[in-house]
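The values are calculated or read from the model by the stated rules, or taken from the named source; none is laboratory data. Being a predicted model, the structure only gives us computed values, none of them experimental. We place every Cβ from the backbone using ideal geometry, glycine too, and count neighbours over all the protein chains shown.
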Amino acid sequence: MQEISVSSYFLRAVVKNATEKGLDVPRLLRRAHNPQRLFREINARVTADQYASLQAITMRELNDEALGYTQLPQKVGTWSAVCHWVIHVRTLSQALKRFCLFYSLMERGLKTELSTHEDTLTVHFSPWQEGEAIDPFAYELFMFGLHRLACWLTEDSLPIQQVRLNYPEPEHSQEYRAMFPGAESVFCNTENRPAGCALTFRRRVMELPVKQTPESLSRFLRQPLLNVMVNDYNQQSWSAKTRAILRRRLSSIPTLVEVAAELDIHPKKLRRKLEAEGISYGDLKSQLRRDIAIRHLTKSSEAIEQIAYLTGFSETCTFTRAFKRWTGVTPFTYRKRAKSGAG
């Protein structure tokens, strides 16, 4: 599994509708081991399991997998049902068609439709009720879930050609680079906004084989929210192979040239391969160091000097500057807030 951290924006989005539904948000945060101080910090990040835990607990308490963002709730068990619905097919095209049919029969969540044009496949997401205002997080939640389900079904890190969004660019838009790998993000700033959002892929992904089975689905659904975020769906992708080398040699970070030599590929070609998968070598390295540092600061009592070394920094002051650039606070401050208790 990948080391992943999640912006505190998504924590706040998960519980945005909880209070008006009668839930105690501080209690939800405590149960999910999310300190309120980090929850309130704009630039804070938490581990993937902290986020997934809060999401799962809130969905169960609301009995709504849409977290109160749609007119009609999606009862807990909906995601499991759609996964069972799509597992008995041969190709991704068939799985996507079944996914759309499932929600058309339910008439809940978001309306999902497929269209093809020359060499592209587009999945459209829109409200069921005409004129219904849908919060951007509902689109993020639904589109991210479908893309990761498709990645899991095919055991591939499917690059997205374009993500079209019917709202202005939000402050957290930099998170879309990891959420929608390889995608050009097109935001709408006009009054005549489209009814919904859309993900566009290369049409050739339609014939990718579904490699999962009912048996592997059973394992996947034990922790579905965490699994959609942290699994490396294609261990043979160039980003996965590069990440594995960096993870193994993190205390002495190799250069792109050194990684390319270990992979027996020209550095320029490796750079192009990574960019085709939606990430640069520098971003991959930075994200890995940031997320591993956050995990150590949250889960261990190791000295900050040791964490700096473990994440490939020769000097603590350099690590501190980098961490503050990533999160807005120093490692010491972050740990103090993370360890300050869930209340």
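A few points about this structure:
- For the range 15-31, a tally of residues being crowded, with 18+ Cβ neighbours inside 10 Å and in contact (Cβ under 8 Å) with a residue 60 or more places away in the chain returns 1.
- Checking every residue in the range 51-71 against the condition of being over 21 Å from Gln129 (Cβ atoms), in contact with a strand residue (DSSP E or B) (Cβ under 6 Å, 6 or more places away or on another chain) and buried (at least 18 other Cβ atoms within 10 Å of the Cβ) gives at least one match.
- With respect to the stated conditions, Glu140 is modelled with pLDDT of 95 or more and under 17 Å from Ala13 (Cβ atoms).
- In the range 217-232, the condition of being surrounded by 19 or more Cβ atoms within 10 Å (Cβ to Cβ), in contact (Cβ under 8 Å) with a residue 60 or more places away in the chain, under 18 Å from Val123 (Cβ atoms) and out of contact with any Ser or Thr (no Cβ under 6 Å at 6 or more places or on another chain) is met by at least one residue.
- Residues being surrounded by 17 or more Cβ atoms within 10 Å (Cβ to Cβ) and either among the aromatic types (Phe, Trp, Tyr) or at positive phi (or both) - total across the range 250-275: 0
- Number of residues in the range 183-228 that are of a type in the set (Phe, Trp, Tyr) and either farther than 23 Å from Gly278 by Cα or part of a loop (DSSP other than H, G, I, E, B) (or both) equals 1.
- Those residues of the range 321-336 which are surrounded by fewer than 18 Cβ atoms within 10 Å (Cβ to Cβ) and either in a helix (DSSP H, G or I) or without any contact (Cβ under 8 Å) to a residue 40 or more places away in the chain (or both), in sequence order: Arg321, Lys324, Arg325, Thr330, Phe332, Thr333, Lys336
- Check on Ser157, without any contact (Cβ under 8 Å) to a residue 60 or more places away in the chain and assigned by TED's automatic domain parsing to the domain that holds Leu101: no
- Among residues of the range 51-75, those that are of a type in the set (Val, Ile, Thr) and within 13 Å of Arg108 (Cβ to Cβ), counted: 1
- So Val82, is it within 20 Å of the chain's Cα centre (by Cα) and over 19 Å from Leu11 (Cα atoms): yes
- Condition met for Val228 (touching a Gly at 6+ places or on another chain (Cβ under 8 Å) and closer than 25 Å to Ser8 by Cα): yes
- Matching residues, the range 38-85, being hydrophobic (A, V, I, L, M, F, W, C) and more than 28 Å from Gln174 (Cβ to Cβ): Leu62, Leu72, Val76, Ala81, Val82, Cys83, Trp85
- Taking the range 248-261 as the range and being of a type in the set (A, V, I, L, M) and assigned to a helix (DSSP H, G or I) as the test, the residues that pass are Leu250, Leu256, Val257, Val259, Ala260, Ala261.
- Members of the range 84-140 found to be crowded, with 17+ Cβ neighbours inside 10 Å, in contact with a strand residue (DSSP E or B) (Cβ under 7 Å, 6 or more places away or on another chain) and of a type in the set (A, V, I, L, M), listed by number: Leu96, Leu110, Leu121, Val123
- Failed criterion for Val257 (all others in (1) without any contact (Cβ under 8 Å) to a residue 60 or more places away in the chain; (2) under 30 Å from Arg31 (Cα atoms); (3) of a type outside the set (Ser, Thr, Tyr) hold): (2)
- Going through (1) in a loop (DSSP other than H, G, I, E, B); (2) aliphatic (A, V, I, L, M); (3) modelled with pLDDT of 90 or more; (4) out of contact with any Pro (no Cβ under 9 Å at 6 or more places or on another chain) one by one, Ala66 falls short only on (4).
- Within the range 263-295, the set of residues being touching a Lys or Arg at 6+ places or on another chain (Cβ under 9 Å), more than 28 Å from Arg335 (Cβ to Cβ) and at pLDDT 90 or above comprises Leu263, Ile265, Tyr281.
- Considering residues of the range 1-14 that are modelled with pLDDT of 90 or more and not in a helix (DSSP H, G or I) only, the residue surrounded by the most Cβ atoms within 10 Å (Cβ to Cβ): Val6
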